[in-house]
Each structure stands twice: as C-alpha cells, then as structure tokens.
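The numbers here are math on the coordinates, done by the rules we state, and not lab data. Predicted model, so just to flag it, every value in this text is computed and none were measured. Counting neighbours? That spans all protein chains shown, and the Cβs are built from the backbone with ideal geometry, glycine included.
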Amino acid sequence: MNLNRTGRLGALCWVVAAPIFLVASLVTGLRWRQPTYSWATNNISDLGNVHCGIWDTSRPRYVCSPWHPLMNAAVLTTAVLLAAGLLLTWRLVGRGAVVRSAQTLLLLAAGGYALAAVHPADVDENLHVLGAFLIMGVGNLGLLLAGLAPGSTLLGRWRRLTLAAGLTALAGTVLFFAQEGAGIGVGGMERVAVLPFPLWACCLGVLLAEAPAGRARRTRSAAPTVR
C-alpha cells in the first residue's frame, strides 16, 4: 500500500486525537479539589461542567472542574481531528456500501464530540446527551460496521482490531446506560464505551503513517536525469 500526502495527513490527525483527549482528561481531573476526581465514579462530562454544585439526579455528586475550558477545548479538538482523519482518508480505506456507511456513522460520532464540547452537560443537557448518543450509540455501531468491511479493502486488513474495538465499545455502551459498573465503576464503564473509537483511530493512524510514500513520488525520485 502506498500512502499519498493527503492520506498521510489524515493518518497523523488520527494519531494525535486520542492522546489530546486523554492528556486533557488527566490534567483537568488532577485540578479537582474536595472532592478529587475519580475515573471510576465520575463521568467524563463532569470534567467539562462549567458550574460547581450537586449534579445528576440519578447519581448525585458534587462536581467542580476548575479547568473545564481545557477539557472542552480538547474534546472539540478531538472532534476536529477525528473528522479530518475520516475525510482525508475517505477514499483510501476502501469503497462499497459497508465502508461508506461505517465512515458516515463515525463522522456523526465525531460531530457528537463537538456537540458535547460546545454544550457542556450543565449548560444544555439535552444537546450534550445527543452528543453522547452520537458517540456511544451511532459511532460504536459505525465502528462495528467498519469491522465488517470486505477483506479486499484497507479497513478489512485490520478486521480483528476493528471488531475488537467495536464489540468492546458496544458492550461498554450497554452496561453504561444500564448503570452497571462491573467492577470498574459507572465512570470507568463510560470510558469503555467512549475510548475505543479514538484509540482505534490512533492505532489505524500509526499503521497508515508507517506505509511507504506514494508511487508517483518514488518514481520521480528514481528517474534518471536527462542532460
């Protein structure tokens, strides 16, 4: 497989999306005081809440995130990078109804990240929940569908990785919405539902970025000089 400049840029967008999201989550969480942030009991959305106070009627907890602008900016950046990676590699990863349907659903999931970032849960809960649904519901279905891409496509070459990510994400989604922590807490289960997509994209981006440059470029460099 030969990767052109556009495809390589898309791959790099995917590579950096997950680290930005994870680092921002860690740094923002470390700024919490009384109580400290827990990845097991707190939701990801708690990091982006703009007000301090008791939050969530189903699992009441005190939320106060001093560095919420950092988290919301990072989530929005993640959305842009995931979408850019999808669009820049749109033709590269394959063709056909399955591939295009998977790409469309994953693009909607990227939009869900943007929606959740622009509308924190304590500012506009309805739009934030819609963003979460696009990420965990629509996006994870798209991830599973990507795992069913024909073996002749680029997506099909990494079917095991994609199917593992999709099945893990869907299982996490079901358990999270059922408020089942399964030993890692409801907040931990939310991460099982949310993280597979950006982590999968990061892995796929690394695999793509390691591909050789396009044939046209290699051919030009190898062509003899005419004097």
- Taking the alpha-carbon centroid of each part, what is the distance from the stretch 146-161 to the stretch 164-203 in angstrom? 21 Å
- Result row for the chain, helices from DSSP H with C-alpha axial extent 18 Å or more and mean Kyte hydropathy at least -1.0, is 5-30, 68-88, 97-118, 159-177, 196-209
- trypsin sites (Lys or Arg not before Pro) lying in DSSP loop within the stretch 33-99, provided at most 14 other Cβ fall within 10 Å: ARG33, ARG91, ARG95
- Item | Contact order relative to length of the chain, as percent, for alpha carbon pairs under 8 angstrom and 6 or more apart | 26 percent
- Inter-part distance where the stretch 1-41 and the stretch 45-66 are each reduced to a Cα centre, Å: 22 Å
- Under unit Cβ charges (Lys, Arg +1; Asp, Glu -1), what dipole magnitude, rounded to 20 debye, does the stretch 5-214 have relative to its Cα centre? 760 debye
